[in-house]
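**Student:** Before I ask anything, let me first share the structure, which is written out below as structure tokens.
The values are calculated or read from the model by the stated rules, or taken from the named source; none is laboratory data. A quick note: this is a predicted structure, and the numbers were derived from the prediction, not measured. We place every Cβ from the backbone using ideal geometry, glycine too, and count neighbours over all the protein chains shown. Note: accessible area is taken over every heavy atom of the protein model, side chains too, but ligands, DNA and RNA are not part of it. Shrake-Rupley method; radii C 1.70, N 1.55, O 1.52, S 1.80 Å.
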Amino acid sequence: MTSSAGAPEVTPILHVDMDAFFVSVAIRHQPELWDQPVVVGGHARGVVTCANYPARAYGIHAAMPGSMARRLCPQLVSVRLDFGEVAEVSKQVREIFRRATPLVEVVSVDEAFLDVRGATRLFGSPEQIAHRIRRQIAEELSITCSVGVAPTPSVAKVGSRKAKPDGVVVVRPEDVPGFLHPLDVGELYGVGPSTRKRLRRLGFETVGDIARTPVPTLHQILGPRLGGHLHRLATGTDRRELTGRLGPDLPDRSTGAQETFGHDLSDREDIVRELLRLSARVTRRMRRAGTVGRTIALTVRFSDFTTISRSRTLPDPTDVTQEVHAIAVRLYDDLNLRGRALRLVGVRVEHLVAREGTDRQLVLGERERGWSEADRAVDQVAERFGSQLVRRASLLHNGRG
DNA sequence: TCTGGGGTCCTAGGACCC
DNA sequence: TCTGGGGTCCTAGGACCC
């Protein structure tokens with residue numbers, strides 16, 4: 001660490017993370033609910049998507065089955081999510097970030113990294129910038145957020161988690177080891193329940209235990225990838241530059257849809273119809289994004305929750321509903337389930353590329369061309385009148401339309 | 001308590017080619 | 001005739017994140 005006039009040479013990074021974002025957006029104009037336990041999701045066989053802090057006080061958290069959440073807190077309020085409003089608020093939050101610095105890297109709808117090295121002259125210390133952003137978000141959007149300030153993105157991210165809810169945590173360069181080392185290994189990004197268990201079996205309990213272990217040893221135990229990654233996180237040495245990317249401008253690598261049924265399905269006809277519904281949803285999304293994909297994957301979950309997948313790669317990419325559906329059905333038939341009850345099915349298209357430049361006209365048969373045109377016609381009507389109105393005949397009741 | 005939905009990335013084995 | 005090693009693609013499963 002070099003220092004010219006006593007101050008170490010560091011890039012101040014902010015990690016800003018909205019508090020219980022989905023719930024906060026849903027009830028931001030209902031202050032009477034702010035101190036009540038509120039969740040988004042958790043109906044029927046579903047799980048809680050997001051829980052606010054009063055709900056968390058009852059032990060409720062995201063991914064918890066709704067039935068359990070209601071048992072823990074009978075007066076729990078469940079609210080609906082307006083995706084349009086979520087997107088709008090998310091956009092407004094980004095605009096507030098941009099007032100502080102152009103170096104914003106959006107991670108997801110509710111969090112971003114900010115490189116504020118060029119903003120300190122105008123707005124003061126990184127900590128002052130953090131408070132300024134929090135104030136603007138609270139005043140203009142009626143939601144709260146938490147901020148971590150640190151010399152690297154990953155330390156800033158841990159900082160924002162420690163700051164929750166509605167707070168700021170500043171980690172100065174000289175304090176990084178003291179801040180990170182006492183933490184549980186499970187607090188590192190990329191260490192979930194499974195890796196945590198494995199690490200603890202091997203005697204690693206704290207982040208410091210990892211930081212003090214020679215890299216080659218970690219490589220040996222965890223593989224070169226995870227080993228190297230965790231050592232960098234544990235020592236706070238992940239000094240990458242932010243991409244300055246305002247949102248995910250890279251095309252998706254895959255896209256898919258899956259559905260857990262209200263009750264398990266075993267009839268082939270029902271399942272084939274669900275596969276058509278899902279194939280249509282996925283390919284419509286692809287046509288809108290202008291992507292085509294070569295690998296079609298089917299996911300199947302049984303009543304006992306065991307889950308398997310089968311996939312097939314085509315010579316040419318497609319976005320045609322009928323083609324994706326036909327392959328999904330073949331993959332299903334090849335499983336030879338003989339009417340075994342299914343809890344969930346999913347269809348996913350992988351290896352996506354831009355449709356431009358993958359002109360298939362020469363290999364397209366008349367039939368396929370016809371399906372492709374039918375898809376586009378359905379898309380156009382759906383754009384104009386809403387997708388509820390346009391359904392394929394076999395999606396109607398009894399498959400007879 | 002009984003487990004959503006949309007993604008990304010990694011690993012490992014087998015096939016195939018050079 | 002047997003052997004090796006590396007690279008790439010495909011498939012299945014799993015861990016993880018939001």
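**Student:** Mind checking the angle between helix A:126-141 and chain A's longest principal axis? C-alpha axes, 0 to 90 degrees, to the nearest 10.
**Tutor:** Around 50 degrees separate the two axes.
**Student:** How long is the gain from residue A:302 to residue A:44 if the chain were fully straight, where each residue apart is worth 0.36 nm and the alpha carbon distance is subtracted?
**Tutor:** In short, 91.1 nm is gained.
**Student:** Binning at 10 angstrom from zero up to the longest distance, how are the C-alpha pair distances of segment A:181-235 distributed in percent?
**Tutor:** 28, 68, 4
**Student:** Still on this structure, please answer the following. Enumerate by residue number the trypsin sites (Lys or Arg not before Pro) in segment A:25-79 meeting two conditions: DSSP loop (anything except H, G, I, E, B), and at most 16 other Cβ atoms within 10 Å of the site's Cβ.
**Tutor:** A:28, A:45
**Student:** Could you please state how large a percent of the accessible area of chain A is carbon and sulfur, counting protein chains only and using a 1.4 Å probe?
**Tutor:** 51 percent
**Student:** May I pose another question? What number, in percent, do you get for the relative contact order of chain A if the mean sequence gap of Cα pairs under 8 Å and at least 6 apart is divided by its residue count?
**Tutor:** It rounds to 13 percent for chain A.
**Student:** Could you work out how far the C-alpha centroid of segment A:40-85 sits from that of segment A:130-172, in angstrom?
**Tutor:** 24 Å
**Student:** What FRET efficiency comes out for the pair residue A:184/residue A:270, r = Cβ-Cβ distance, R0 = 35 Å, nearest 0.05?
**Tutor:** 0.15
**Student:** Ok, one more. Residue A:288 to residue A:75: FRET efficiency via 1/(1 + (r/R0)^6), r the Cβ-Cβ distance, R0 35 Å, to the nearest 0.05?
**Tutor:** So, using R0 = 35 Å, E works out to roughly 0.25.
**Student:** Of chain A, which part is the longest with no GluC sites (Glu not before Pro) in a loop (DSSP not H, G, I, E, B) and with at most 11 other C-beta atoms within 10 angstrom?
**Tutor:** Within chain A, the longest run free of exposed GluC sites (Glu not before Pro) spans A:10-240.
**Student:** Please compute one quarter of the surface area of the Cα convex hull for chain A and express it in square nanometres.
**Tutor:** Dividing the Cα hull surface by four gives the mean projection, 24.9 nm².
**Student:** Can you tell me the accessible area per residue over segment A:1-134, all protein chains present, probe 1.4 angstrom, in square angstrom?
**Tutor:** Accessible area per residue: 52 Å².
**Student:** What distance in nm separates the two pseudo spin-label positions at residue A:92 and residue A:205, each 7 Å out from Cα along the beta-carbon direction?
**Tutor:** Reported label-point gap for residue A:92 and residue A:205 is 4.7 nm.
**Student:** To the nearest 20 debye, what charge dipole does chain A have about its Cα centre, counting +1 at the Cβ of each Lys and Arg and -1 at the Cβ of each Asp and Glu?
**Tutor:** Dipole of chain A, to the nearest 20 debye: 720 debye.
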